[in-house]
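**Q** First, the structure itself, so that you have it in front of you.
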Amino acid sequence: DYHGPNMGDYNLPITRIFPNNAYSGGYATVESHHTGFEMWDGFPCGDGVSCFDADSVAPTVPASLLAALKSTTTTTKVKGKTRTISSALVTLSWNASSDNITVAGYNIYRNGTKIAVSTSTGYTDSLGTATGSNYSYTVKAFDAAGNISTSSNAALIVY
């Protein structure tokens, strides 16, 4: 597209592509002529872009993972009865990873199970009202090519 990789006529974003069907027996519209139409979900190799230079380097390990527990108590009255609910939030923070191209984000794990993805170096997890449990948090960085770092240090919370 002569307006750029994601802009169409009138400089508006391209939201859909309708290639004509050359084998339908019908007529193609003037605006939809195509030859050798291909659609990719990434930049293809070839024509000066080597298939062997694909990104295979994982980001560095997220360092210095810290977890802070904040408990809250909410008291409400319903039909004359007082109800108290305790809940907890765990705030996670870590030092940014680096990558040979760029870090796309971070996978956050609680007790070994992936619970979220963050594009920043922090995340807040709600533990709700569950008490009497141990929680172990780790973080892994990933890049746009799908390479994933090894786990950060574990940050432990007892609630």
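The values are calculated or read from the model by the stated rules, or taken from the named source; none is laboratory data. Predicted model only: the values in this text are computed from it and were never measured. Neighbour counts run over all protein chains shown; Cβ positions are idealised from the backbone, glycine included. The protein model used for the area step is the full one, side chains on, heavy atoms only, and it has no ligands, DNA or RNA in it. Shrake-Rupley method; radii C 1.70, N 1.55, O 1.52, S 1.80 Å.
**Q** What number of residues in the stretch 84-104 are assigned to a strand (DSSP E or B) and either open to solvent by 30 Å² or more (accessible area, probe 1.4 Å) or more than 10 Å from Val139 (Cβ to Cβ) (or both)? Talk me through it step by step, then tell me what you get.
**A** Going residue by residue through the stretch 84-104, those that are assigned to a strand (DSSP E or B) are 84-95, 103-104.
Adding the requirement that they be either open to solvent by 30 Å² or more (accessible area, probe 1.4 Å) or more than 10 Å from Val139 (Cβ to Cβ) (or both) leaves 84-91, 93, 95, 103-104.
Qualifying residue count for the region: 12.
**Q** Would you check which residues across the stretch 132-143 are out of contact with any Leu (no Cβ under 9 Å at 6 or more places or on another chain), part of a strand (DSSP E or B) and not aromatic (Phe, Trp, Tyr) and list them?
**A** First, the residues of the stretch 132-143 that are out of contact with any Leu (no Cβ under 9 Å at 6 or more places or on another chain): 132, 140-143.
Cutting the leftovers down to part of a strand (DSSP E or B) gives us 140-143.
Result: Lys140, Ala141, Asp143.
**Q** Looking at (1) touching a strand residue (DSSP E or B) at 6+ places or on another chain (Cβ under 6 Å); (2) on the phi > 0 side of the Ramachandran plot, which is the only condition Arg83 fails?
**A** Unmet for Arg83, out of (1) touching a strand residue (DSSP E or B) at 6+ places or on another chain (Cβ under 6 Å); (2) on the phi > 0 side of the Ramachandran plot: (2).
Conditions (1) hydroxyl-bearing (Ser, Thr, Tyr); (2) modelled with pLDDT of 95 or more; (3) surrounded by 13 or more Cβ atoms within 10 Å (Cβ to Cβ); (4) in a strand (DSSP E or B), marked per residue:
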| site | (1), (2), (3), (4) |
| --- | --- |
| Asp55 | no, no, yes, no |
| Val61 | no, yes, yes, no |
| Thr74 | yes, no, no, yes |
| Tyr109 | yes, yes, yes, yes |
| Leu127 | no, no, yes, yes |
| Ala130 | no, no, no, no |
| Ala145 | no, no, yes, no |
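**Q** Does Gly25 satisfy the criteria of being open to solvent by less than 70 Å² (accessible area, probe 1.4 Å), at pLDDT below 85 and part of a loop (DSSP other than H, G, I, E, B)?
**A** Values: open to solvent by less than 70 Å² (accessible area, probe 1.4 Å): no; at pLDDT below 85: yes; part of a loop (DSSP other than H, G, I, E, B): yes.
Criteria not met by Gly25.
**Q** Can Ser97 be described as of a type in the set (Gly, Ala, Ser), touching a residue at least 60 places away in the same chain (Cβ under 8 Å), touching a Ser or Thr at 6+ places or on another chain (Cβ under 8 Å) and under 11 Å from Pro62 (Cβ atoms)? Let's see the steps before the verdict.
**A** On the way: of a type in the set (Gly, Ala, Ser): yes; touching a residue at least 60 places away in the same chain (Cβ under 8 Å): no; touching a Ser or Thr at 6+ places or on another chain (Cβ under 8 Å): yes; under 11 Å from Pro62 (Cβ atoms): yes.
No, not satisfied.
**Q** Sticking with this one: Look at Thr121 and say whether it is modelled with pLDDT of 95 or more, under 15 Å from the mean Cα position of the chain (by Cα) and open to solvent by less than 60 Å² (accessible area, probe 1.4 Å).
**A** yes
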